[in-house]
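Engineer: I'd like to ask you about the structure that follows.
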Amino acid sequence: MKTMFTRLAVVALCLATVVTSCKKNDDEPVTPIDPVEIVFMPTVITHNGIPMDSFVYNDDYTISKFFTADEDLKTYTYNFEFFYDNNKVCRKVKVTDVTKGSETDTLIYQDNKILRVRTFNGSIPSAPDSLYIQLNANKQVTLVGSKDTLQDKSPEYRYLNYLEFIYNNGNWATFINKDGSFYKGPDGSTRNSVYTTTLNYTYDAKPNPLKPLFTINPVMYYYFYEGADLIHSCGTNNISKIEGTLNANGATTPVTYNFTTTFNADGTLKEQKVNDGTSEMVIGYKWVKAN
């Protein structure tokens, strides 16, 4: 699993909410936005020369498979396989953790949101869990999970888990992750735990060559950030700075990441140096021409 430097929200991406039944006529994909001109698609993303994310495409450049690696083990530990209907709408995703087994996501489209129902297929049986993925008019994810405090299976526990993405000019402006657990015992005793991550983004003025990955594959707005991290732009421009706070039960730690970006002659990203004030990571990119 990637380190905090690249994985600031991994805990919240295992959210679980109550399954909600849906009418058949709700199961319609979100109306696509106007396509962007596609020139290149990423094939491999490296961190300090080590492959971290790898992409395999169908002939139409919808995503077929996506692999993400453990930064310490230096090997791919998660893979995602995408299945489509005859209209090229992604309906199922098989998620495999090489150490724990696989799970299958069924995607049910409802206006500007997707109900993701996950069924676990590993060695430890578990009931399906679900969450809502809220979308804006551009099919970008705005909310994963619920801002409501929900009852857990155990009557003593309640939980609050969500990811929120706030946009400006087609880019993330702010990211918020709240992960809370609230316990009240039979004797009235309480034990609460709340973690909050808040990140604010600054961008350059150059086009983001990663954007077509998400425009062609809107499900990747969710799955890329479940399997990958929050230091890659999915929007109009390229990240130049991230500033924010990590708050654990009232104790706040500031974080700052500065980006120095180098482009290839064709406009694709060559590398991004990310500095947190104490260390620097170099993100490298490989591309395939798509038209």
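The values are calculated or read from the model by the stated rules, or taken from the named source; none is laboratory data. As the structure is a prediction and not an experimental result, all values here were calculated from the model. Reconstructed Cβ throughout: ideal geometry from the backbone, glycine too, with neighbour counts over all protein chains shown. Side chains included, ligands, DNA and RNA excluded: accessible areas come from the protein's heavy atoms. Shrake-Rupley method; radii C 1.70, N 1.55, O 1.52, S 1.80 Å.
Engineer: Please work out which residue is most open to solvent (accessible area, probe 1.4 Å), limiting yourself to region 182-215 and to residues that are within 24 Å of residue 291 (Cα to Cα) and out of contact with any strand residue (DSSP E or B) (no Cβ under 8 Å at 6 or more places or on another chain).
Structural biologist: Looking at residues that are within 24 Å of residue 291 (Cα to Cα) and out of contact with any strand residue (DSSP E or B) (no Cβ under 8 Å at 6 or more places or on another chain), I get 211.
Every residue, every condition in (1) buried (at least 19 other Cβ atoms within 10 Å of the Cβ); (2) modelled with pLDDT under 90, yes or no:
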| residue | (1), (2) |
| --- | --- |
| 55 | yes, no |
| 75 | no, yes |
| 84 | no, no |
| 90 | yes, no |
| 99 | no, yes |
| 117 | no, no |
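Engineer: Right, here's the next one. Of all residues in region 79-94, how many are free of Cβ contacts under 8 Å to residues at least 24 places away in the same chain and under 16 Å from the mean Cα position of the chain (by Cα)?
Structural biologist: Residues meeting the conditions: 3.
Engineer: Which of the residues spanning region 205-246 are part of a strand (DSSP E or B) and not basic (Lys, Arg)?
Structural biologist: Hits for region 205-246 are 205, 207, 237, 238, 239, 240, 242, 243, 244, 245, 246.
Engineer: Does region 240-252 contain any residue that is of a type in the set (Ser, Thr, Tyr) and without any contact (Cβ under 8 Å) to a residue 12 or more places away in the chain?
Structural biologist: yes
Engineer: Here is a check on your reading of the model: is residue 78 aromatic (Phe, Trp, Tyr) and not in a strand (DSSP E or B)?
Structural biologist: no
Engineer: Which pairs turn up if I take residues in region 146-173 that are within 15 Å of residue 190 (Cβ to Cβ) and free of Cβ contacts under 8 Å to residues at least 12 places away in the same chain and look for partners that are open to solvent by 50 Å² or more (accessible area, probe 1.4 Å) and in a strand (DSSP E or B) with beta carbon separation below 7 Å, at least 6 apart in sequence or on another chain?
Structural biologist: Correct list of pairs: 152/158.
Engineer: If a residue must be in a loop (DSSP other than H, G, I, E, B) and touching a helix residue (DSSP H, G or I) at 6+ places or on another chain (Cβ under 8 Å), how many such residues does region 133-177 contain?
Structural biologist: 2
Engineer: Quick one: residue 266 ticks every box in (1) among the acidic types (Asp, Glu); (2) closer than 20 Å to residue 281 by Cα; (3) surrounded by fewer than 13 Cβ atoms within 10 Å (Cβ to Cβ) bar one, so which box is it?
Structural biologist: (2)
Engineer: Going residue by residue through region 240-260, is there one that turns out to be at pLDDT 95 or above and aromatic (Phe, Trp, Tyr)?
Structural biologist: Yes: one or more hits.
Engineer: For region 220-272, what are the residues that are of a type in the set (A, V, I, L, M, F, W, C) and over 19 Å from the mean Cα position of the chain (by Cα)?
Structural biologist: Of everything in region 220-272, those that are of a type in the set (A, V, I, L, M, F, W, C) and over 19 Å from the mean Cα position of the chain (by Cα) turn out to be 248, 251, 255, 259, 263, 265, 269.
Engineer: Within the set of pairs 6 or more residues apart or between chains, which connect a residue that is closer than 30 Å to residue 241 by Cβ inside region 180-198 to a residue that is surrounded by 11 or more Cβ atoms within 10 Å (Cβ to Cβ) and among the charged types (D, E, K, R) with Cβ atoms less than 6 Å apart?
Structural biologist: Correct list of pairs: 195/179; 196/178.
Engineer: Among the numbered criteria (1) farther than 19 Å from residue 50 by Cβ; (2) modelled with pLDDT of 95 or more, which one does residue 223 miss?
Structural biologist: (2)
Engineer: Here is a follow-up. Looking at this structure, is residue 134 farther than 27 Å from residue 43 by Cα and not hydrophobic (A, V, I, L, M, F, W, C)?
Structural biologist: yes
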